[in-house]
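J.: I'd like to ask some things about the structure below.
The values are calculated or read from the model by the stated rules, or taken from the named source; none is laboratory data. What you see is a predicted model; the values in this text were computed from it and never measured. Backbone-built Cβ (ideal geometry, glycine too); neighbour counts: all protein chains shown.
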């Protein structure tokens, strides 16, 4: 997908750039405290036009709270956020033009049909929304169940109906909070395919998730948040490169090779026998499968070459030497659980100048500060 990076938004007395030029989401120093609990700790976000942006972190890391502040649903303790150059706290619903989605879970009247629920939301949104009902139902593949009561929908169908409700607004930015949570494998697959179709259609997507496969398959840029702080923000491909190149090695004498690897300068994270890198499908990276064989280590190309010569000098034959990039799973746990957060994350968080909708649980319009868990379209 071709992406165009928009200029950063500004703050203070400076006038925000026109909405069609400003980046979709620009947050600076967002903080949220609940008495003694620091839920969000100075978070910066940079979502550029055309991104499929993964907002990734463990449950309780502060993702949903950050999205609520970004949408003007709750007041930040400190910091500012702009959507297409507009501040939802200052400008209210005007700042949500071109923005839609849902936070936590979409809500609908269960005793009404999907179409009737969407008609109620369209009446609130206006701007031709009613005329898009058939189109959005077709997009999320619910046309055949449009006249059925939502109370009889599966969880996955309700999630897709939430996206349909968001699409009524013809958004340029779609914010989705854990859209695949609670879905079975088939439902997750369908949800990923739907999000990919929307992104390919030109919609910028901000996807909050704790599911690594979902982010790895869909997103080109990510922010990883842990304990309320962003520990990495940038391209997913850059994160994997920064994680270091791993190598899987099989030799004619792995026991002796293990000793040589551990003595070689520039060779790190040497693992012998079970617990080495997974196979060439790359799904496991440096994970711990009991049937893994051979050795694994990390080093740059220069030290790999020197290690090969050292093995040969010792009379040890190299049967296989396979480079493997770290997977998102490896890097995620290194950033959120290990001491590597400073080495990988710090210094690789995007920085920009300081900054100068209401979206309900169903993607409908809502004034800032109102209850986002009310049924969609509730008067």
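J.: Where residues in the range 116-144 are over 30 Å from the mean Cα position of the chain (by Cα) and not in a loop (DSSP other than H, G, I, E, B), which of them is nearest to residue 193 (Cα to Cα)?
T.: In this case the residue turns out to be 144.
J.: Moving to a separate point now. Please find, within the range 168-191, the residue that is surrounded by the most Cβ atoms within 10 Å (Cβ to Cβ) out of those that are over 22 Å from residue 217 (Cα atoms) and in contact with a helix residue (DSSP H, G or I) (Cβ under 8 Å, 6 or more places away or on another chain). Working first, answer last.
T.: Start the filter on the range 168-191 by keeping residues that are over 22 Å from residue 217 (Cα atoms), which leaves 168-171.
Those left that are additionally in contact with a helix residue (DSSP H, G or I) (Cβ under 8 Å, 6 or more places away or on another chain): 168-170.
Values: 168: 26, 169: 28, 170: 16.
Of everything passing the filter in the range 168-191, 169 is surrounded by the most Cβ atoms within 10 Å (Cβ to Cβ).
J.: Hey, among the residues in the range 209-234 that are under 10 Å from the mean Cα position of the chain (by Cα) and part of a loop (DSSP other than H, G, I, E, B), which one's nearest to residue 56 (Cα to Cα)?
T.: 210
J.: How many of the residues in the range 283-338 are part of a loop (DSSP other than H, G, I, E, B), on the phi < 0 side of the Ramachandran plot and at pLDDT 85 or above?
T.: Summing the residues that are part of a loop (DSSP other than H, G, I, E, B), on the phi < 0 side of the Ramachandran plot and at pLDDT 85 or above in the range 283-338 gives 3.
J.: All but one of (1) crowded, with 17+ Cβ neighbours inside 10 Å; (2) closer than 24 Å to residue 25 by Cα; (3) at pLDDT below 90 hold for residue 231; state the number of the condition that does not hold.
T.: (3)
J.: Here are some residues: 195, 175, 163. Which one is under 17 Å from residue 214 (Cα atoms), in contact with a strand residue (DSSP E or B) (Cβ under 9 Å, 6 or more places away or on another chain) and in a strand (DSSP E or B)?
T.: Working: 195 fails: in a strand (DSSP E or B); 163 fails: in a strand (DSSP E or B).
Just a single option satisfies the conditions, and that option is 175.
J.: Given 170, 186, 180, which one is closer than 25 Å to residue 83 by Cβ and either in a helix (DSSP H, G or I) or out of contact with any strand residue (DSSP E or B) (no Cβ under 8 Å at 6 or more places or on another chain) (or both)?
T.: Values: 186 fails: closer than 25 Å to residue 83 by Cβ; 180 fails: either in a helix (DSSP H, G or I) or out of contact with any strand residue (DSSP E or B) (no Cβ under 8 Å at 6 or more places or on another chain) (or both).
Answer to the selection: 170.
J.: For the range 252-261, state whether one or more residues are over 28 Å from residue 55 (Cβ atoms), modelled with pLDDT under 90 and outside any loop (DSSP other than H, G, I, E, B). Can you show your working first?
T.: Of the residues in the range 252-261, the ones over 28 Å from residue 55 (Cβ atoms) are 252-261.
Still in the running and modelled with pLDDT under 90: none.
Scanning the range 252-261 turns up no residue that is over 28 Å from residue 55 (Cβ atoms), modelled with pLDDT under 90 and outside any loop (DSSP other than H, G, I, E, B).
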